[in-house]
Amino acid sequence: MTTPTPDNLDERVTRSADHIRSRLGARQPRVAVLLGSGWGGLADQVREPIDWPYAELPAFPELQITGHAGLLRSGWIGPTEVLVLAGRKHVYEAGDASAMKGAVRTLARLGVQTLVQTNAAGSLDTALLPGQVMLISDHLNMTQMSPLLGERGDARFVGLTDAYDPRLRQQALAAAQALGRPLSEGVYAWMLGPQFETPAEIRMLQVLGARAVGMSTVPETILARHAGLRVLALSLVTNLGAGLSAESLSHAHTLHTAQQAAAGACQLLAAVVSCLSGPPLVVGVSGAA
Ligand code: HPA
């Protein structure tokens, strides 16, 4: 028997999954796409949409930040059946690293096997410019916060080697190449925010081997790996890190640059998601991927 969490998360996940299933009919999405700043346009590309505002889903978070709608959408992108999550709750809003726990668990409960994450990020590499997209190969959890605090059982000691699935990354790189769009890999550093970094912090992150910095994604990756989902993640570069260029940083600037680059980024994302269709993975078999 599992121990219920104090806030009845498991029950909220069950109610959310039941509510979603009641309208999914024969649909069986295996891929979920979490849209961060600048990536919202992908939701418009979903064919035959069925929508649930997060407010209808008790395991999903309440959102406040501008640029995040808080909508779950089922449908198709190319041949791939998807659940698109337009909007995430950031840890910097209330200091809760597990803000997206219920949403990720609901996806797992519905049989989703792959989580594609997107975000906006600052670049630490002057060759990776605003408007370009970076494929996340690994992360640095600079906050050292965990969305799994308070979890019980051995599963909480989740391994994060290859957290960003190598096979999915190969597929994404191939899809970008076929589209003729540049896509290169790098390490993403999660800083808590909401303040931007100092130039000294940016230099520290460069020394540590990060190529991009942002305020999201890592907790959801940890939650997804804990729930057994494979993860792929893309960063849309909206600026060079503090001190690397003359421009001053702001949320408005981030959103503005993201909007300008959105069409190209979403075209790339649609191509990546399209190449993820295929038969469901065999799960629960020793040695299975
Ligand atoms: N730092 C942190 N998060 C960000 C940045 C940045 O420079 N740009 C977009 N998100």
field: Under the Karplus curve 6.51 cos²θ - 1.76 cosθ + 1.60, θ = phi - 60°, whole-Hz ³J(HN,Hα) for segment 11-18, x wherever Gly or Pro sits
entry: 5, 5, 5, 4, 5, 5, 5, 4
task: Rank LEU85, LEU208, LEU71 by mean-square fluctuation in a GNM of the chain with C-alpha springs under 10 angstrom and give only the top-ranked residue.
output: LEU208
- request: Jot down the radius of gyration and Dmax of segment 1-157, Cα atoms only, both in angstrom.
  value: 16.4, 52
statement: Under Stokes-Einstein, segment 149-210 at 20 °C and 1.002 mPa s, with its Kirkwood radius over C-alpha pairs, diffuses with a coefficient in µm²/s of 141 µm²/s
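How large is the translational diffusion coefficient of the chain in µm² per second when you combine the Kirkwood radius over alpha carbon pairs with Stokes-Einstein at 4 °C and 1.567 mPa s?
For these conditions, the coefficient is 68 µm²/s.
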- prompt: Residues with beta-carbon under 15 Å from that of LEU244, excluding LEU244: net charge, scoring Lys, Arg +1 and Asp, Glu -1?
  reply: -2
message: Given points 7 Å out from each Cα along the Cα-Cβ axis, report the ALA178 to MET204 separation in nanometres with one decimal.
response: 4.3 nm
field: Per residue Cα convex hull volume in Å³ - calculated over segment 57-117
entry: 96 Å³
Descending principal axes extents, segment 167-240, alpha-carbon based, whole Å: 38, 33, 20
message: Compute, for the chain, the length of the dipole vector about the Cα centre, with Cβ point charges of +1 (Lys, Arg) and -1 (Asp, Glu) only. Units Debye, rounded to 20.
response: 600 debye
- request: Taking H placed 1.01 Å from N in the peptide plane, check which residues at least 5 places from ALA120 or on another chain put their amide H under 5 Å from its amide H.
  value: SER37, LEU236
message: Can you list residues from other chains, or at least 5 along the same chain, whose modelled amide H is less than 5 Å from the amide H of HIS139?
response: TYR188
query: Given the options ASP96, ASP154, ASP44, which has the most mean-square fluctuation in a GNM of the chain, springs set between C-alpha atoms less than 10 angstrom apart?
result: ASP154
query: Which value results for Rg/Rh of segment 115-262 when Rg is the Cα radius of gyration and Rh the Kirkwood radius based on the inverse mean 1/r?
result: 0.97
query: Gain in length, LEU160 to ALA252, computed as 0.36 nm per residue apart minus the alpha-carbon separation, to one decimal in nm?
result: 29.8 nm
- request: Mind giving me the FRET efficiency for GLU185 and ARG152? R0 is 45 Å, r the Cβ-Cβ distance, nearest 0.05 is fine.
  value: 0.80
query: Stretched out fully, how many nm does the piece from LEU24 to GLN267 gain, at 0.36 nm a residue minus the Cα gap?
result: 84.9 nm
- prompt: What percent antiparallel are the DSSP beta bridges of the chain, to the nearest 5?
  reply: 35 percent
- prompt: Around ALA59, which amide H atoms from residues at least 5 apart in sequence, or from another chain, sit under 5 Å from its own amide H, with H modelled in the peptide plane?
  reply: SER16
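All of the numbers you see were taken from the coordinates with simple rules; none came from a lab. The structure displayed is predicted, hence computed values, not measured ones. When we count neighbours, we look across all protein chains shown, and the Cβ atoms used for this are built from the backbone with ideal geometry, even at glycine.
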